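Have a look at the structure below, then the notes.
FYI, it's all coordinate maths here, none of it is from the lab. A quick note: this is a predicted structure, and the numbers were derived from the prediction, not measured. In this analysis, Cβ positions are derived from the backbone assuming ideal geometry, glycine residues included, and neighbour counts consider all displayed protein chains.
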Amino acid sequence: MARDLKGKRAIITGASGAIGQALATELVKAGARVALASRNEGTLNELAARLKGQGGDVLVVPTDVTIADQRKRLVDSAVAAFGGLDLLVNNAGVGSWGHFADSTEEINRTVMEVNFFAPVELTRLSMPHLTEGNQPAVVNVTSRCGRKGLPAWPEYSASKFALIAMCEAWRCEFARFGVDVVTVVPGRTVGGFEKNLLRRDGRANLDFHKGMTPEYLSEQIVRAVRRNKRELVIGTEAVWLLRFNKFFPRLTDWLIARKVKKLYAK
Ligand SMILES: NC(=O)c1ccc[n+]([C@@H]2O[C@H](COP(=O)([O-])OP(=O)(O)OC[C@H]3O[C@@H](n4cnc5c(N)ncnc54)[C@H](OP(=O)(O)O)[C@@H]3O)[C@@H](O)[C@H]2O)c1
């Protein structure tokens with residue numbers, strides 16, 4: 001099924017971030033009406049002004065996705081403004097960079113709240129509206145760490161694995177309501193993610209500047225939503241890591257563990 005995004009009523013979380021801004025811009029370009037959600041109202045207003053200047057129909061809903069009342073307000077506001085909901089894009093996320101043994105329960109819980117519980121509960125709240133929607137879909141921005149747990153990303157990997165598992169279960173559950181599930185599995189992307197880490201104690205080079213641009217990623221996400229892809233693995237490094245790990249899992253772990261040992265031998 002080819003999905004026409006013109007007139008689609010969408011919510012996007014994490015709309016103040018690098019990927020969220022690019023994705024909202026791409027959705028508006030495709031003709032969707034978009035509710036922009038994140039905590040940073042100032043950045044959302046600036047984005048909204050720019051998108052309105054391009055003819056976009058957008059709504060700003062300041063939202064902390066970890067707070068149940070605010071999630072409800074987000075869904076209610078979008079439905080009231082647009083008269084329904086066709087697309088929920090769960091994009092808000094946070095990372096933590098450092099080894100598990102000296103991390104904290106607080107970091108573990110925060111990462112799980114933002115990256116797992118929030119999108120899952122937002123999806124639950126959206127389902128009654130999506131089932132009434134036009135070519136409805138839930139789009140989840142996960143990570144390569146959600147398909148291969150990586151050292152220094154333990155909490156983050158776990159949160160994205162959990163979200164991907166939920167997407168897989170949803171896909172077959174939601175089919176009877178005609179609601180599609182698109183899972184996005186990106187590799188490193190240029191932008192704010194590395195600046196917003198809860199912790200930054202890892203030893204390898206992060207090199208996020210060598211990643212994809214959020215604009216390229218967003219074009220590919222919108223393409224995948226239009227084509228109703230089940231899963232989009234994107235970014236050269238992510239594609240090769242997951243492919244190599246699929247065929248040579250022991251060797252992959254051995255190579256990664258060897259690198260970790262070298263880094264921590266210093
Ligand atoms: N950048 C990468 O290399 C990369 C790679 C793979 C996957 N991803 C995933 O892509 C998504 C977007 O990341 P990004 O690169 O755009 O990072 P970013 O620039 O740091 O943006 C993160 C977004 O999440 C929002 N957010 C965080 N905590 C929130 C909360 N409690 N309530 C509401 N919004 C919250 C932030 O908004 P406020 O701070 O304004 O609330 C911001 O809009 C994330 O899910 C990330 O895991 C990123």
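The modelled label-to-label distance between LYS195 and LEU251, using points 7 Å beyond Cα along the C-beta direction, is 4.0 nm. List the lysines whose Cα sits under 22 Å from the Cα of LYS246, skipping any in the same chain fewer than 8 residues away. Output for LYS246: LYS148, LYS160, LYS229, LYS259. When the chain is treated as a GNM with alpha-carbon contacts under 10 Å, the residue of THR236, THR13, THR189 showing the greatest mean-square fluctuation is THR236. When peptides 210-219, 16-25, 34-43 are sorted by average Cβ neighbour count within 10 Å, with the highest value leading, the order is 16-25, 34-43, 210-219. On full extension, the segment bounded by VAL120 and ALA81 gains 11.8 nm, given 0.36 nm per residue less the C-alpha separation. Among 89-99, 176-186, the peptide with the highest mean count of other Cβ atoms within 10 Å heads the list, and the full ranking is 89-99, 176-186. Between the amide H of ALA35 and those of ALA10, ILE11, ILE12, LEU59, distances stay under 5 Å, these residues lying 5 or more places away or on another chain, with hydrogens modeled in the peptide plane. By the helix-only formula, in which each DSSP H run with n ≥ 4 contributes -39500 (n - 2.57) and the sum is divided by residues, the chain has a 222 nm mean residue ellipticity of -15000 deg cm²/dmol. Taking the 0 to 90 degree range and rounding to the nearest ten, how far is the long axis of helix 214-227 tilted relative to the main principal axis of the chain, both from C-alpha atoms? Helix 214-227 and the main axis of the chain meet at about 60 degrees. I'd like the distance between the alpha-carbon centres of the stretch 151-178 and the stretch 4-24, rounded to an integer number of Å. Rounded to whole Å, the Cα centres lie 20 Å apart.
For THR189, the amide hydrogen comes within under 5 Å of the amide hydrogens of MET212, counting only partners 5 or more places away or on other chains and with H modelled in the peptide plane.
Between 0 and 90 degrees, the angle of helix 118-130 with respect to the longest Cα principal axis of the chain falls at about 30 degrees.
Amide H contacts under 5 Å for TRP97: LEU198, ARG199, ARG200, ASP201, restricted to partners 5 or more places along the chain or on a different chain, H placed in the peptide plane at 1.01 Å from N. In straight-distance terms, cross-link reach from LYS261 covers every one of the aspartates and glutamates whose alpha-carbon lies under 14 Å from its own, apart from those fewer than eight places away in the same chain; here that gives ASP253. Each of ARG39 and GLU106 was given a label point 7 Å from its Cα along the Cα-to-Cβ line. The distance between the two points is 1.3 nm.
Under the convention that each Lys and Arg Cβ holds +1 and each Asp and Glu Cβ holds -1, the size of the dipole of the chain around its Cα centre is about 1020 debye.
Between GLN54 and ARG203, the simple spin-label model (points 7 angstrom out along Cα→Cβ) gives 4.3 nm. For LEU263 and TYR216, the FRET efficiency from 1/(1 + (r/R0)^6), where r spans their Cβ atoms and R0 equals 35 Å, is about 0.75. Working ranking of peptides 158-166, 246-254, 128-136 by packing, defined as the average number of other Cβ atoms within 10 Å per residue, highest first, is 158-166, 128-136, 246-254.
Axis of helix 18-29 versus longest Cα principal axis of the chain: the two differ by about 30°, to the nearest ten degrees.
For the stretch 1-90, a/c is not less than 1.5, where a ≥ b ≥ c are the root eigenvalues of the C-alpha gyration tensor, and a/b does not top b/c. That puts it in the oblate class.
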